[in-house]
1. Residues in region 175-184: is at least one aliphatic (A, V, I, L, M), crowded, with 20+ Cβ neighbours inside 10 Å and away from the ligand (no atom under 16 Å from the Cβ)?
2. Kindly indicate which of Leu273, Leu302, Leu267, Leu298 is closer than 29 Å to Ser225 by Cβ, without any contact (Cβ under 8 Å) to a residue 60 or more places away in the chain, out of contact with any Asp or Glu (no Cβ under 6 Å at 6 or more places or on another chain) and assigned to a helix (DSSP H, G or I).
3. Looking at (1) crowded, with 24+ Cβ neighbours inside 10 Å; (2) over 20 Å from Thr41 (Cα atoms), can you tell me which one Ala278 breaks?
4. Limited to region 307-326, what total is found for residues that are within 15 Å of the ligand (Cβ to nearest atom) and not aliphatic (A, V, I, L, M)?
5. Return the pairs, sorted by first residue and then second, in which the second residue is among the small types (Gly, Ala, Ser), the first residue lies in region 137-148 and is assigned to a helix (DSSP H, G or I), the beta carbons are less than 9 Å apart, and the residues are 6+ apart or on different chains.
6. Every residue in region 230-252 that is within 11 Å of the ligand (Cβ to nearest atom) and under 18 Å from Gln85 (Cβ atoms), please.
7. Gly347 is checked against (1) surrounded by 22 or more Cβ atoms within 10 Å (Cβ to Cβ); (2) at positive phi and fails just one. What number does that condition carry?
8. Please indicate, with yes or no, whether at least one residue in region 86-107 is farther than 30 Å from Pro216 by Cα, modelled with pLDDT of 90 or more, in contact with a helix residue (DSSP H, G or I) (Cβ under 6 Å, 6 or more places away or on another chain) and not aliphatic (A, V, I, L, M).
Amino acid sequence: MSSILSQTQSYPTWSSRWVFIMAATGSAVGLGNIWKFPYITGENGGGAFVLVYLVCILLLGIPVMVAEVMLGRRGRQSPISTMRQLTSEAGLHGFWNSIGWLGVIAGLFILSFYSVIAGWALAYIPEMGKGTFQGVDPIESQLFFDTLLADKARLIGWQSLFMLMTVGVVTCGVVRGLGAAVRILMPLLFVLLLAMLVFAYREGDFAAAIKFLFWPDFSALTGRSILEALGHSFFTLSLGMGSIMAYGAYMPVGTSIGKTVLTIALLDVVVALMAGMAIFPIVFAHPGINPAAGPELLFVSLPVVFGAMPGGLAVGMLFFILVTIAAWSSAISLIEPAVAWLIEKRGFNRFTANIVLGFIAWTLGIGTVLSFNDWAGFTLGDFTFFGAMDFLTSRIMLPLTGLFVAIFVGWVMPRATPQSELDGEDSLMFSLWLWVLRYICPPAIGVVLLVGLYDTFTAAG
Ligand code: PHE
């Protein structure tokens, strides 16, 4: 097998559409699908939230994703430089460069807490292996989780290990690091998740889970939960922060962006729903486990069940390996845009760029570690440091950047650019896409953002 990227042009490109699909799916599928989607679905009452999330993916996420891949492929550089080139080419105001900047900053912010949560998953792998959860009840499981969260040194240790893993792959570069890693990790992830699903189907309350996930109860929906669904649809597709733009920059010419994006979005949704269908049957089979438990849902509920099943600990170990793998391939894409920019414009080599950025995200991550112990009582409104980071990125920065992308591509940029980049697409689909991007995305994202923020702050205040 030859190299994954073709280096014959002046810029590198993925060697095939499939490598791009796997890399972008690796970025999209992560803690957002396996950890966050189930817990926020639990917090927001189930079916109605899932429905709004699916509508957001279809109507807002997919069109913005096409726009981001298109911008990336057009610019063939890091998101910051791409935006700079496209705005100056068209003689536009420098304000639009903020799309690149906001994105790169959001990426580092997300990476900071992402690596802490991924660290929890790492910590659970040896615990499963050692048999810590053999026969535990929900209270003991909660106690284990609370003890872990109280132990700063352990949290920082696992967070650091995860950061090193991320920085290590990205240092190897796009060719050897990213491409090679996703080709192995992505298929493995699917197989492991499928095994989990079969396990949950056989051992859990599958009917209750399906009802919870797919039977919409609209009374559970508030402006805040709709904003959460919108923010999550961007988070889960890795939009609004340059990851997809950065990966799009390596996309070969002549491949259909539309079909590729649809494939990635479909895979992402399927993984999230599979994770939900693997976790909720287990939750509902054990009264006493609260579906609305929040971030701990995955880490407290599941171990009880693994500990109760014959052979469950091996499945549990496999499960947390899966979570780590998914988080890893996403974390890679969180740091890549900033790395690409430092190399391109600041003359860094890959290694130093990674060390510098990894260190910044790691330092910020200490704030997240502390918000589960020393700083737990130190809150802004009802947000801890971690809550504030999550809120700032998923519910403000990502939708805002998505909004700017939609306005930029739909209204500001010369029409000829998307027309030539999306030349090979079906012309009806192209017109539909442009129409949605112009008339649906900006008002919908704008309204959800404003109403959601209003709801959040009036409820908190
Ligand atoms: N999409 C990833 C997930 O669902 C997280 C992510 C967000 C990755 C933004 C890159 C950019 O876990």
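The values are calculated or read from the model by the stated rules, or taken from the named source; none is laboratory data. Keep in mind that what you see is a predicted model, and the values were worked out from it rather than measured. Counting neighbours? That spans all protein chains shown, and the Cβs are built from the backbone with ideal geometry, glycine included.
1. No.
2. Residue meeting the stated conditions: Leu302.
3. The single condition Ala278 does not satisfy is (2).
4. Adding up the residues that qualify gives 1.
5. Short answer, once both residue conditions are applied: Pro138/Gly288; Pro138/Ser301; Ile139/Gly288; Glu140/Gly307; Ser141/Ser301; Ser141/Gly307; Leu148/Ala123.
6. Gly242, Ile244, Met245, Ala246, Tyr247
7. Gly347 satisfies all of (1) surrounded by 22 or more Cβ atoms within 10 Å (Cβ to Cβ); (2) at positive phi except (1).
8. For region 86-107, residues farther than 30 Å from Pro216 by Cα, modelled with pLDDT of 90 or more, in contact with a helix residue (DSSP H, G or I) (Cβ under 6 Å, 6 or more places away or on another chain) and not aliphatic (A, V, I, L, M): present.
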